[in-house]
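All remarks here apply to the structure that follows.
The values are calculated or read from the model by the stated rules, or taken from the named source; none is laboratory data. No experiment lies behind these values; they were computed from the predicted model shown. In this analysis, Cβ positions are derived from the backbone assuming ideal geometry, glycine residues included, and neighbour counts consider all displayed protein chains. The accessibility values were calculated without ligands, DNA or RNA, using every heavy atom of the protein model including side chains. Shrake-Rupley method; radii C 1.70, N 1.55, O 1.52, S 1.80 Å.
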Amino acid sequence: MKIHVYESAQAIGQAAAALFAAQVLAKPNSVLGLATGSTPVPTYREMARLYEQGAVDFSGVTTFNLDEYLGLERSHAQSYYHFMQENLFQHINVPQERIHVLKGTAPDPEQECLDYEEAIRAAGGIDLQILGIGNNGHIAFNEPDTVFSTQTRVVNLTESTIQANQRFFASADEVPRQAVSMGIGSIFRARRILLIATGEQKAGAVRAMIHGPVDPQCPASILQLHPDTVVLLDRGAARDL
Ligand code: GLP
C-alpha cells in the first residue's frame, strides 16, 4: 500500500481527482469503479471542475458503482443512484448508457447481482476503483465477515452501519436493512484501488486496515495484499498510524 497524508479533505479530493484524470488521459475508455458516502464528494467536485476546464474528457468511460440500498427506488433522495447523479454524473460527460449502478428495486436481486458481475467482466474489468471505509472497516457494504471471497450479492447491514448512515435519513427506522453490493472478490480484481478516509472517526478502521492482521473481520485489510493500492488520508484518519 502507498500511504499519503494530506492537510485537508479538499487536498485529498484534488489528489484523488488527479489520479482519475491521469487514468482517463492514459486510457480514454477506462472502466472506473465509483463509491458513495460523504468522503468522495470533494473528489467528485474536483473531477467536475477538471472536466469543465477541459482537462479531461469522460466520453469514453464506463462506470460501475459499488453498491445500492435494497428496496430504494432510484428516484429516492437517499438512493446511491440519485447521489451519483447529483454529485458527479450531472456534472461530467460519461454517457448515461455506460453508467452502471445496481438496481435496489430489481425484481430478482440475486439475478441483478450475477448480471452486474458479468457486466463488469464484459467491460474488461475495473481499471481504477475508489473506496471509502466504514467505521467498522467495511468497504462498499461488505461488513465484517468470515471470508473474503465474496462476489456481488445481497447483504445485511450491521447495526453500526445503520447507525452511521441514519444521519442521511429522518430516523434509523428508515435506513434499509439490506443492500446489494460488489463483494470483496469483485473489488479486489480492480487493477488499481484508491482508498480515501477523512476524520478521526475513521482512525481505528484505518489502523486496522494497514497494521492489523489480514482478516475478514476488517474487510479493508485485504488491501494489504493488493498489488496496487493507494491510500489517501487526512491527519485525523491517520492519527493512530
Ligand atoms: C457506506 C457506503 C460505503 C462508504 C461508507 C462510509 O456504508 N456503502 O461505500 O465507504 O458508507 O461513508 P462516509 O464516506 O460517508 O463516511
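Scanning the stretch 128-150 for residues that are under 15 Å from Gly185 (Cα atoms) and either open to solvent by 10 Å² or more (accessible area, probe 1.4 Å) or more than 13 Å from the chain's Cα centre (by Cα) (or both) turns up His138, Ala140, Glu143, Pro144, Asp145, Thr146, Val147, Phe148, Ser149, Thr150. Scanning the stretch 99-111 for residues that are farther than 20 Å from Gln78 by Cβ and either touching a strand residue (DSSP E or B) at 6+ places or on another chain (Cβ under 6 Å) or part of a helix (DSSP H, G or I) (or both) yields Glu110, Gln111. Filtering Asp215, Asp240 for residues that are of a type in the set (Asp, Glu), part of a loop (DSSP other than H, G, I, E, B), open to solvent by 20 Å² or more (accessible area, probe 1.4 Å) and under 28 Å from Tyr116 (Cβ atoms) leaves a single hit, Asp215. Going through (1) open to solvent by less than 50 Å² (accessible area, probe 1.4 Å); (2) within 24 Å of Val41 (Cβ to Cβ); (3) more than 15 Å from the ligand (Cβ to nearest atom) one by one, Lys103 falls short only on (1). Among the residues of the stretch 109-131, those identified as within 24 Å of Tyr44 (Cα to Cα) and touching a residue at least 60 places away in the same chain (Cβ under 8 Å) are Tyr116, Ile120, Ala123, Gly124, Gly125, Ile126, Asp127, Leu128, Gln129, Ile130, Leu131. Among the residues of the stretch 173-198, how many are open to solvent by 20 Å² or more (accessible area, probe 1.4 Å) and over 12 Å from Gly33 (Cα atoms)? Residues meeting the conditions: 5.
Considered as a group, the residues in the stretch 146-179 that are among the acidic types (Asp, Glu) and over 21 Å from Gln201 (Cα atoms) include one that is nearest to the ligand (Cβ to nearest atom), and that residue is Glu174.
Among the residues making up the stretch 32-55, those that are surrounded by 22 or more Cβ atoms within 10 Å (Cβ to Cβ), under 11 Å from the mean Cα position of the chain (by Cα) and hydroxyl-bearing (Ser, Thr, Tyr) are Thr36, Thr39. Evaluated against (1) touching an Asp or Glu at 6+ places or on another chain (Cβ under 8 Å); (2) among the β-branched types (Val, Ile, Thr); (3) within 13 Å of the ligand (Cβ to nearest atom), Ile133 falls short on exactly one condition, (1).
Being away from the ligand (no atom under 12 Å from the Cβ) and without any contact (Cβ under 8 Å) to a residue 12 or more places away in the chain is a condition met by no residue of the stretch 198-206.
Just so you know, in the stretch 1-16 the residues that are among the hydrophobic types (A, V, I, L, M, F, W, C) and either open to solvent by 60 Å² or more (accessible area, probe 1.4 Å) or within 16 Å of the ligand (Cβ to nearest atom) (or both) include one that is nearest to the chain's Cα centre (by Cα), and it is Ala16.
Scanning the stretch 95-115 for residues that are among the basic types (Lys, Arg), under 18 Å from Phe20 (Cα atoms) and out of contact with any Gly (no Cβ under 6 Å at 6 or more places or on another chain) turns up at least one hit. Of all residues in the stretch 56-92, those satisfying the criterion of being open to solvent by 50 Å² or more (accessible area, probe 1.4 Å) and closer than 20 Å to Gln14 by Cβ are Asp57, His91. Considering each residue of the stretch 62-77 in turn, none proves to be part of a helix (DSSP H, G or I) and touching a strand residue (DSSP E or B) at 6+ places or on another chain (Cβ under 8 Å). Looking only at residues in the stretch 32-75 that are more than 15 Å from Met182 (Cα to Cα) and touching a Ser or Thr at 6+ places or on another chain (Cβ under 7 Å), the one that is nearest to the ligand (Cβ to nearest atom) is Thr39.
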